[in-house]
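The values are calculated or read from the model by the stated rules, or taken from the named source; none is laboratory data. Just so it is clear, the model here is predicted, and its values are computed rather than measured. Calculation scope for accessible area: heavy atoms of the full protein, side chains included, ligands and nucleic acids excluded. Shrake-Rupley method; radii C 1.70, N 1.55, O 1.52, S 1.80 Å.
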Amino acid sequence: MSRPAISAQRHVLRALSQWPKDTLRPEIQFQDILRKRFEKSSGLSEQEQLRQANALYSLIDNRYKRKYPITGSLLRPKSQPTYFTDLVQELEAAPNRSYLERVWLRLKGVVRLQ
């Protein structure tokens, strides 16, 4: 493997090491899957590997979130204004739930009393 290709692969691996851990599914990490993919695809050119490393860095830095901010009207649809705030609260609380709490919420979702 040539010297620049090693450099490009180092950029990719460094970007993957900075990727945040998934707390909802700790046994399956996105960066591990991508790392295996990049190890298998050693036939990529240096330019292509650098392009993909740049894409990973842009996602890690939230470049597109800052470039295209979401306005309030998209975050609060008229049909259910608290949907996205409820979703974020649910995703933050999910990793810390016990087994019984998960079963209770599943049963509560199956049987809706209104």
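The set of residues from the range 54-76 being modelled with pLDDT of 90 or more and among the small types (Gly, Ala, Ser) comprises 55, 58.
Taking the criterion of being open to solvent by 70 Å² or more (accessible area, probe 1.4 Å), part of a loop (DSSP other than H, G, I, E, B) and modelled with pLDDT under 90, the residues of the range 81-114 that qualify are 111, 112, 113, 114.
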